[in-house]
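The structure appears right after this line, and notes come after that.
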Amino acid sequence: MKNLLRNIGKKSKKAFSVQLNTKKKNKVLKDYLHLIIKNKKLILKENLKDIKIAHKKKLKDNLIKRLVLDEKKIFNIVNSIKKIIRLKDPTNIVLEKWKRPSGLNISKVSIPIGVIGVIYESRPNVTSDVASLCFKSGNSVILKGGSEAFYSNRILSELFRKSLKKNRVDENFVQFIDIKRRKVVDFLLTKMNDFIDVLIPRGGKSLVKKVQKLSTIPTIGHLEGVCHSYVDKNANLTIAKKVIYNSKMRNTAICGATETILIHEKIIKLYNGDIQKATVRDWSKEYLSSIVSVKSVNNLDDAINHINKYGTMHTDCIITQNKKTAKKFLKEVKSSIAMHNTSTQFADGEEFGFGGEVGISTNTLPPRGPVGLSQLVSYKYQVSSNGKIRK
């Protein structure tokens with residue numbers, strides 16, 4: 001296993017060493033989406049294997065639901081790749097340039113990161129999304145999907161490699177680890193520093209916690225989404241009801257779902273439904289269900305302080321008609337995504353126009369928020385002069 005994983009790492013490094021132009025990248029992606037359409041029956045057949053195993057193992061219904069591929073989901077996969085093709089190549093762009101009195105000409109130019117390792121669970125569409133985003137941004141990628149989606153992930157990665165081969169591009173730009181042993185993840189986290197530049201975990205709390213605890217490689221991601229919606233005293237209550245309902249109930253199981261509602265004390269209303277007194281522990285809970293914590297706050301500063309103390313820097317929203325109040329909130333909350341009169345469920349790379357995402361990052365250092373195509377790059381400084389030497 002160790003030698004196999006090291007070889008995967010070496011192959012990824014070698015593939016990355018040859019950088020491709022935009023035309024070649026888009027041609028590979030176009031052929032990939034055509035292969036998905038052409039092999040739709042085969043993809044569904046492989047997915048059915050995963051579903052049957054999941055039922056045998058008696059996985060929870062919500063996990064099986066994430067796992068299932070159908071005509072609509074394959075259409076969405078293809079559509080996502082089309083969007084990525086249309087997006088501008090984020091590499092080799094001059095971000096800034098300037099001249100120094102010393103005679104130096106300096107340019108800041110975007111470059112790919114290198115080899116990206118992605119550890120993920122359940123959803124097979126992550127395979128195609130992540131592979132396409134990493135490839136378009138010039139990075140090679142090593143995919144370690146969950147065992148519950150093994151056959152689905154494998155066929156989607158094999159089709160990508162087939163497209164690479166067809167276009168005479170190193171197949172190892174995209175590699176899928178087809179070993180189901182759990183020790184694989186431990187090895188990736190602690191023994192692959194020489195090969196992997198960044199790790200991205202996508203999955204449940206236990207997976208992300210493990211990656212953040214054990215990884216000796218820099219990571220991009222988030223542990224929890226304890227998101228807030230604050231209803232200010234100057235809120236339009238019709239907007240507030242609509243936005244908060246959507247923020248919580250559109251999909252209670254996603255990281256962008258509101259978990260705590262803060263309400264200015266001057267507009268507290270009576271509620272006759274199922275309710276119990278909250279404790280301090282409730283302010284840090286990510287329910288991922290139709291439960292929500294509610295707190296009365298004295299003012300805007302009280303709301304901001306609560307969010308900065310108990311939030312996870314994911315997504316937090318203020319509902320108010322007062323622009324000055326909104327501006328202060330957007331500036332002072334530590335969130336990677338701060339919103340005004342907007343459902344927190346918009347915390348999504350595709351909704352941001354990124355053509356999909358490899359995940360959402362709550363790190364203080366960039367990238368932050370939805371990590372899409374343009375966030376999968378770094379930069380270098382290119383300096384030239386007419387033979388200048390430093391005195």
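The values are calculated or read from the model by the stated rules, or taken from the named source; none is laboratory data. Since we're looking at a predicted model, the values are computed, not measured. Don't worry about glycine lacking a Cβ; one is built from the backbone with ideal geometry, like all the others, and counts go over all protein chains shown. Side chains are part of the model used for accessible areas, which takes the heavy atoms of the whole protein and leaves out ligands, DNA and RNA. Shrake-Rupley method; radii C 1.70, N 1.55, O 1.52, S 1.80 Å.
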(request) Give Ile85, Ile111, Ile51 a once-over and let me know the one that is closer than 16 Å to Leu133 by Cα, out of contact with any strand residue (DSSP E or B) (no Cβ under 8 Å at 6 or more places or on another chain) and outside any loop (DSSP other than H, G, I, E, B). (result) Ile85
(message) Restricting to the range 1-48, name every residue that is within 19 Å of Ser152 (Cβ to Cβ), assigned to a helix (DSSP H, G or I) and either in contact with a Lys or Arg (Cβ under 9 Å, 6 or more places away or on another chain) or open to solvent by less than 80 Å² (accessible area, probe 1.4 Å) (or both).
(response) Tyr32, Leu33, Leu35, Ile36, Lys40, Leu42, Ile43, Leu44, Glu46, Asn47
(message) So Ser374 passes all but one of these: (1) farther than 30 Å from Leu104 by Cα; (2) in contact (Cβ under 8 Å) with a residue 24 or more places away in the chain; (3) within 17 Å of the chain's Cα centre (by Cα). Which condition number does it fail?
(response) (1)
(message) Consider the range 363-377. How many of its residues are of a type outside the set (Lys, Arg) and part of a loop (DSSP other than H, G, I, E, B)?
(response) 7
(message) Exactly one of these conditions fails for Ala347: (1) open to solvent by 40 Å² or more (accessible area, probe 1.4 Å); (2) in contact with a Pro (Cβ under 8 Å, 6 or more places away or on another chain); (3) of a type in the set (A, V, I, L, M). Give me its number.
(response) (1)
(request) Determine which single condition Lys58 fails, assuming it passes every other condition in (1) in a loop (DSSP other than H, G, I, E, B); (2) open to solvent by 60 Å² or more (accessible area, probe 1.4 Å); (3) closer than 29 Å to Val198 by Cα. (result) (3)
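For the range 203-216, which positions are in contact with a helix residue (DSSP H, G or I) (Cβ under 7 Å, 6 or more places away or on another chain) and either assigned to a loop (DSSP other than H, G, I, E, B) or open to solvent by less than 60 Å² (accessible area, probe 1.4 Å) (or both)?
Across the range 203-216, the qualifying residues are Val211, Ser215, Thr216.
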(request) Go through (1) part of a strand (DSSP E or B); (2) within 23 Å of Lys241 (Cα to Cα) and name the single condition Ile360 misses. (result) (2)
(request) From the list Lys241, Lys266, pick out the single residue that is within 23 Å of Lys309 (Cα to Cα) and surrounded by fewer than 20 Cβ atoms within 10 Å (Cβ to Cβ). (result) Lys266
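Across the range 63-94, what is the number of residues that are touching a Lys or Arg at 6+ places or on another chain (Cβ under 6 Å) and open to solvent by less than 70 Å² (accessible area, probe 1.4 Å)? Give the steps one after another, and end with the answer.
At the first step, the residues of the range 63-94 found to be touching a Lys or Arg at 6+ places or on another chain (Cβ under 6 Å) are 66, 74, 84.
Imposing the further condition that a residue be open to solvent by less than 70 Å² (accessible area, probe 1.4 Å) reduces the set to 74, 84.
Looking only at that region, the number is 2.
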(message) Checking Met249 against (1) under 26 Å from Asp61 (Cβ atoms); (2) at pLDDT below 95; (3) out of contact with any Pro (no Cβ under 9 Å at 6 or more places or on another chain); (4) open to solvent by 20 Å² or more (accessible area, probe 1.4 Å): exactly one of these is not met. Which one?
(response) (2)
